[in-house]
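The values are calculated or read from the model by the stated rules, or taken from the named source; none is laboratory data. Keep in mind that this is a model prediction, so the values were computed, not measured. Cβ placement follows ideal geometry from the backbone for every residue including glycine, while neighbour counts extend to all protein chains displayed.
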């Protein structure tokens, strides 16, 4: 067929291709790819079911004592259910403790004063000498 170079020259002269893309190879490739995907999904499903059954048969039965005790909470410390809110609450409590007056031990006469006031007193009086 000698129409190859001449049709290319004609396409250049017109500014576009003369013929459309062949749709048949694209459809065949798409169907083949879809079939391959379905076969792979089916194979993975079969392997999953096989391994699940195999693991259930080969694993040891649960300890009767563990089954009888039911679900238990894990040991402390546990994860916090609402960490951001609880951290904000903790910081607020610490801030109020650092910025307020209060008793630490009333029987011994030990009090708590705000940090700013304590720094003023240390700057004014100095640190105690040993």
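Results for (1) more than 28 Å from the chain's Cα centre (by Cα); (2) part of a loop (DSSP other than H, G, I, E, B); (3) at pLDDT below 95, shown as yes or no for each residue.
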position	(1), (2), (3)
21	yes, yes, yes
29	yes, no, no
71	no, yes, yes
79	no, yes, yes
100	yes, yes, yes
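Pairs needed: first member in region 111-126, free of Cβ contacts under 8 Å to residues at least 60 places away in the same chain; second member anywhere, in a strand (DSSP E or B); C-beta distance under 8 Å; at least 6 residues apart or different chains.
Matching pairs, first to second residue: 111/102; 111/103; 111/104; 112/102; 112/103; 112/104.
Just to be sure I understand the filter: pairs with C-beta atoms under 7 Å, separated by 6 or more residues or on different chains, first member in region 13-24 and free of Cβ contacts under 8 Å to residues at least 24 places away in the same chain, second member surrounded by 10 or more Cβ atoms within 10 Å (Cβ to Cβ). Which pairs pass?
17/11; 18/7; 18/10; 18/11
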